[in-house]
Amino acid sequence: MRDKVKKLLKISELSSLVGVPKEAIRYYIKEGLLPRPQKTSKNMAYYDESFIERIKAIKELQKKRFLPLRIIKNIIGEDSGESSLNEIKTLLELDGKIFKPIDHLLNFIPLTAGELMEKTGLPLEELAELEDMEIIKPFLENGQKKHDEYDTRIVEAFARIRSSGATKELFLTQDFKLYKDFVEALAREEVKLLARRITGKISQQEALRLINNVFDAVNNFVNLLRKKLIKETVADYANKLKKSR
């Protein structure tokens with residue numbers, strides 16, 4: 001019992017250890033970034049050592065990643081455990097290191113919407129619609145909106161979809177939000193799975209090699225599985241229609 005008591009901290013002790021004011025700690029609790037402490041009376045509460053790592057993670061995401069608290073809450077939430085915080089650290093270490101530009105894009109110069117239109121043939125109106133859906137996300141450079149290599153490659157791919165026969169008369173730009181929503185959800189789950197599987201097991205360099213080596217193979221797997229499921233879904237609808245006659 002004594003060992004357990006030694007691991008519990010008063011809010012003043014916690015504040016001193018992490019360099020965060022007591023008021024900020026209470027605010028984090030109120031906003032759901034931290035769990036509620038162990039209350040022993042109306043005016044007394046104790047905090048276990050997991051609060052130290054949680055608060056350090058919040059500070060890291062705020063000061064080094066410039067994330068607002070509402071986003072941080074989604075990342076570490078009050079239900080996150082110690083393992084989740086370690087997984088977040090793993091992802092922070094990988095941030096900016098995965099999927100480096102391929103060789104011919106190493107010297108890529110960001111493009112304005114007008115330059116992107118000239119390069120791909122996609123009209124400005126449709127570029128704006130893709131931006132509204134956050135399929136492409138420009139950044140500001142010297143007061144101008146610019147698009148990075150990923151935006152450029154996405155727009156090039158989208159232009160090929162249009163030129164392949166999926167015209168705007170048949171498919172609205174908004175129809176493609178379906179893919180953005182599903183891929184975004186898939187990416188979030190993939191990142192969580194990756195963090196769970198590699199944290200504490202392999203080095204950062206090994207993780208980067210794994211991601212780069214496996215990514216194309218997984219893409220091929222997903223592409224084939226998607227085709228298979230589309231084929232099966234069409235057949236399923238056809239069979240149901242036959243049975244209803």
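Scanning for something surrounded by fewer than 16 Cβ atoms within 10 Å (Cβ to Cβ), among the small types (Gly, Ala, Ser) and modelled with pLDDT under 85, does the range 96-115 turn up at least one residue?
Kept after step one, since they are surrounded by fewer than 16 Cβ atoms within 10 Å (Cβ to Cβ), are these residues of the range 96-115: 96-109, 112, 114-115.
Then drop every residue that is not among the small types (Gly, Ala, Ser), which leaves 96, 114.
Then drop every residue that is not modelled with pLDDT under 85, which leaves 96.
Yes.
So that you can scan it fast, the table gives a plain yes or no per residue for (1) in contact (Cβ under 8 Å) with a residue 12 or more places away in the chain; (2) closer than 28 Å to Ser84 by Cβ:
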residue: Lys201; (1), (2): no, yes
residue: Asn212; (1), (2): yes, yes
residue: Leu229; (1), (2): no, no
residue: Tyr237; (1), (2): no, no
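Okay, residues lined up against (1) surrounded by 10 or more Cβ atoms within 10 Å (Cβ to Cβ); (2) closer than 30 Å to Gly121 by Cα:
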| site | (1), (2) |
| --- | --- |
| Ala157 | yes, yes |
| Leu170 | no, yes |
| Thr173 | yes, yes |
| Phe182 | yes, yes |
| Ile198 | yes, no |
| Val214 | yes, no |
| Val218 | yes, no |
| Asn223 | yes, yes |
| Lys240 | no, no |
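Whether any residue in the range 148-170 is of a type in the set (A, V, I, L, M), outside the structural domain of Phe215 (by TED's automatic domain parsing) and outside any helix (DSSP H, G or I) is what I want to check. Talk me through it step by step, then tell me what you get.
So in the range 148-170, the residues of a type in the set (A, V, I, L, M) come out as 154-155, 157, 159, 161, 166, 170.
The next check asks that each one be outside the structural domain of Phe215 (by TED's automatic domain parsing); those that pass are 154-155, 157, 159, 161, 166, 170.
Now restrict to residues that are outside any helix (DSSP H, G or I): 166, 170.
Yes, the conditions are met somewhere in the range 148-170.
Output the qualifying pairs, or none if there are none: Cβ atoms under 6 angstrom, residues six or more apart or on different chains, first residue in the range 106-128 and closer than 21 Å to Ile161 by Cα and touching a residue at least 24 places away in the same chain (Cβ under 8 Å), second residue in a helix (DSSP H, G or I) and among the charged types (D, E, K, R).
Thr120/Glu156
Quick check, is Phe171 at pLDDT 95 or above and under 30 Å from Ile88 (Cβ atoms)? Let's see the steps before the verdict.
Working: at pLDDT 95 or above: yes; under 30 Å from Ile88 (Cβ atoms): no.
Here the answer is no, as Phe171 does not meet what is asked.
Any idea which of (1) modelled with pLDDT of 85 or more; (2) surrounded by 15 or more Cβ atoms within 10 Å (Cβ to Cβ); (3) β-branched (Val, Ile, Thr); (4) within 30 Å of Asp148 (Cα to Cα) is the one Val20 doesn't satisfy?
Unmet for Val20, out of (1) modelled with pLDDT of 85 or more; (2) surrounded by 15 or more Cβ atoms within 10 Å (Cβ to Cβ); (3) β-branched (Val, Ile, Thr); (4) within 30 Å of Asp148 (Cα to Cα): (4).
Based on this model, can you work out whether Arg197 counts as outside any loop (DSSP other than H, G, I, E, B) and closer than 30 Å to Ser84 by Cβ?
Yes; evaluated as a whole, the condition is true for this residue.
Identify the single condition in (1) more than 18 Å from the chain's Cα centre (by Cα); (2) outside any helix (DSSP H, G or I) that Ile136 does not satisfy, given that it satisfies every other one.
So Ile136 meets the others, but not (1).
The values are calculated or read from the model by the stated rules, or taken from the named source; none is laboratory data. Keep in mind that this is a model prediction, so the values were computed, not measured. Neighbour counts run over all protein chains shown; Cβ positions are idealised from the backbone, glycine included.
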